[in-house]
1. Mind computing the radius of gyration and Dmax over the alpha-carbon atoms of the protein assembly as shown? Å is fine for both.
2. Any of B:K198/B:K294; A:K174/A:K294; B:K19/B:K198; B:K202/B:K277 with alpha carbons more than 21 Å apart? Name them for me.
3. Hey, what do the phi angles of segment A:202-209 turn into as Karplus ³J(HN,Hα) couplings, whole Hz, using 6.51/-1.76/1.60 and θ = phi - 60°, x for Gly and Pro?
4. Using a label point 7 angstrom from Cα along Cα-to-C-beta, what distances in nm, from shortest up, separate A:S279 from the other copies?
5. In segment A:107-140, what trypsin sites (Lys or Arg not before Pro) fall in a loop by DSSP, with at most 14 other Cβ atoms inside 10 Å?
6. What size of dipole, in debye to the nearest 20, comes out for chain B about its Cα centre when the only charges are +1 on Lys and Arg C-beta atoms and -1 on Asp and Glu C-beta atoms?
7. For labels at B:R96 and A:H300 in the simple 7 Å Cα→Cβ model, what's the distance in nm?
8. For the modelled label position 7 Å from the Cα of B:K137 along Cα-to-Cβ, which residues of segment B:58-77 have backbone nitrogen atoms closer than 20 Å?
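Bear in mind that the values in this text are calculations on the coordinates, not laboratory data. Since this is a predicted model, take the numbers as computed values, not measurements. A quick note on method: Cβ atoms are made from the backbone with ideal geometry, for glycine too, and the neighbour counts reach across all protein chains shown.
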2 protein chains.
Amino acid sequence: MAGEFKLIDKLFAGHDAAKGVMLGVGDDCALIALPGAQYLALTTDTMVEGRHFFAGTKPYYLGWRALAVNLSDLAAMGARPRYFLLSITHPDGNKRFLKSFAQGMFALAKEEKVALIGGNMAKGPLSITITAIGTCKPGRAMERSGAQVGDELYVTGTLGGPGLYVKAGMGELKLSPSLMAELYAKAFLLPCRARFAKRLAKICRCAIDISDGLVGDLRHICTQSQVGAQVVLDTLPLPPEFLLPEVTARLSLDERLHLALYGGCDYELLFSLAPDKVSTMLSLAQRYQVPVTKIGLITHRRQGLQLYFQGQRQTLKPGFEHF
Amino acid sequence: MAGEFKLIDKLFAGHDAAKGVMLGVGDDCALIALPGAQYLALTTDTMVEGRHFFAGTKPYYLGWRALAVNLSDLAAMGARPRYFLLSITHPDGNKRFLKSFAQGMFALAKEEKVALIGGNMAKGPLSITITAIGTCKPGRAMERSGAQVGDELYVTGTLGGPGLYVKAGMGELKLSPSLMAELYAKAFLLPCRARFAKRLAKICRCAIDISDGLVGDLRHICTQSQVGAQVVLDTLPLPPEFLLPEVTARLSLDERLHLALYGGCDYELLFSLAPDKVSTMLSLAQRYQVPVTKIGLITHRRQGLQLYFQGQRQTLKPGFEHF
């Protein structure tokens with residue numbers, strides 16, 4: 001679930017009331033309670049050629065990323081990824097394409113121990129839909145509505161790399177082939193934060209994965225938690241590539257920060273945490289080798305979403321939306 | 001899951017082993033056992049414009065059918081439909097289209113009491129993927145591998161109507177507008193057999209839904225149950241439209257039977273049953289107002305799949321495959 005759905009909320013919302021539905025449309029995953037001790041977390045995500053990736057993208061990369069973006073939604077709930085179903089539409093069912101696609105997908109599936117339990121294949125324009133299912137303990141899900149005033153705001157990994165890749169891929173910027181290859185690989189071979197997130201869920205009540213860009217997804221948290229937030233741009237974790245001379249020569253710091261705030265497709269975790277839980281979280285991050293960075297605070301609702309840079313309040317732009 | 005997946009079995013099979021997976025890739029649904037009393041049945045199905053439906057198809061019809069084909073897979077397991085996730089790709093997110101699509105989808109969802117718990121929307125060529133989740137009691141699923149020699153073979157509803165609609169829609173045949181409208185509505189506003197199927201599962205161990213055509217899907221049962229089957233073509237339930245003069249004038253009985261055998265997209269249940277369970281099944285069918293017809297028998301594997309018409313053995317053609 002990303003922001004796209006909101007636009008037609010009126011059409012598709014409100015049909016999620018049923019026995020066992022603990023959380024319906026509107027978070028990273030739905031939550032289902034079945035008789036027994038565990039909740040199910042479910043999510044679905046689609047990638048369309050020309051919309052979510054450029055034509056000609058390596059099928060291995062597509063396979064990895066199609067699963068990764070779904071696992072990212074499960075991670076954002078603190079759920080343990082368990083199973084997935086694949087639906088793929090391809091113009092001619094080309095076997096070389098499918099073989100390489102499967103290799104990429106199963107490389108990640110094996111690493112994260114998730115099982116492909118169903119699928120569907122059809123001829124048509126290239127598009128991939130995965131539905132992923134995880135489990136989590138009741139009361140253990142990190143929901144968008146769980147942020148509290150006074151919480152510290154953290155992100156995993158770095159922000160803006162995929163945004164730079166897309167910008168250059170669209171021809172807005174010319175980068176060296178070697179740098180493009182690196183950004184390309186990183187934008188598709190996304191790391192999975194699920195193991196860390198599952199432990200994090202013991203001490204954290206609010207997380208989201210950054211698919212629409214930091215500002216767009218932080219807005220979801222603010223709206224659903226009825227809070228405000230302050231982000232200190234000086235602290236944003238930019239990717240190491242942003243320091244290369246060929247990047248700094250072409251993009252001002254403002255432009256680089258813009259990519260980190262609005263670029264989207266980072267698929268890193270954004271989470272908020274009570275200050276007294278921070279040291280435990282940092283130990284977890286170290287144990288699972290997940291880089292984490294404090295980027296701000298949760299504030300009162302009336303303060304809204306505020307960005308600061310070198311002590312100065314900055315203007316907000318509308319967040320990135322796929323649809 | 002339809003036959004399409006088989007073609008690339010080597011690429012995508014064998015990755016479904018995980019804790020809780022009772023039945024993986026290769027049946028109508030996957031089955032997951034979680035701590036507690038119930039199994040989960042999961043299935044996914046995609047409809048692509050120009051492949052599974054003609055461009056310009058009424059969005060209300062598409063909404064109904066996209067959900068119906070998934071509920072049909074759940075029915076074929078004897079699972080009770082509970083939840084679904086929707087992923088829709090549309091060139092421009094046209095609101096009128098989406099409104100009508102949602103009306104059709106929720107009309108069926110309401111009737112069958114299933115909840116939309118997640119979704120995804122993207123711009124791109126028109127395509128709809130639904131993942132549906134049901135529950136069933138352990139040991140109660142009707143699997144493709146459950147047929148026994150001596151079982152009687154039954155189908156619900158009629159066979160061949162959607163095949164005739166597609167044939168005429170492709171311009172191979174000219175029918176009156178009123179008949180076309182009727183076939184069109186019936187091909188999309190499919191009835192749901194899930195309530196009947198849930199009860200049927202108490203006395204029946206083998207079912208499949210007919211998406212690839214009777215012969216194609218009966219082959220799945222024969223292969224997975226390691227049995228043969230005899231079908232008596234004289235007994236096939238043809239739709240009432242097949243008796244209209246404008247149809248009989250244009251299609252020989254052979255051609256009409258061909259549609260019932262190979263036309264596909266019927267989304268009716270094909271199931272096999274021990275003779276001593278038949279009277280109970282017939283009472284259930286009456287109670288749920290589902291028409292059922294005996295069309296043959298399950299035989300020994302060495303006899304293979306045999307078709308008889310007026311006492312004569314008929315030649316088999318390869319089944320219909322989408323891919």
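1. According to the Cα coordinates of the protein assembly as shown, Rg and Dmax are 26.2, 91 Å.
2. Beyond 21 Å between Cα atoms: A:K174/A:K294; B:K19/B:K198.
3. Per residue, the Karplus-derived 3J(HN,Hα) values read 6, 10, 10, 9, 9, 8, 8, 9 Hz.
4. 7.7
5. The qualifying sites are A:K113.
6. Dipole magnitude for chain B comes out near 780 debye.
7. Result: 4.9 nm between the two label points.
8. The answer is B:74-77, whose backbone nitrogens lie closer than 20 Å to the label point.
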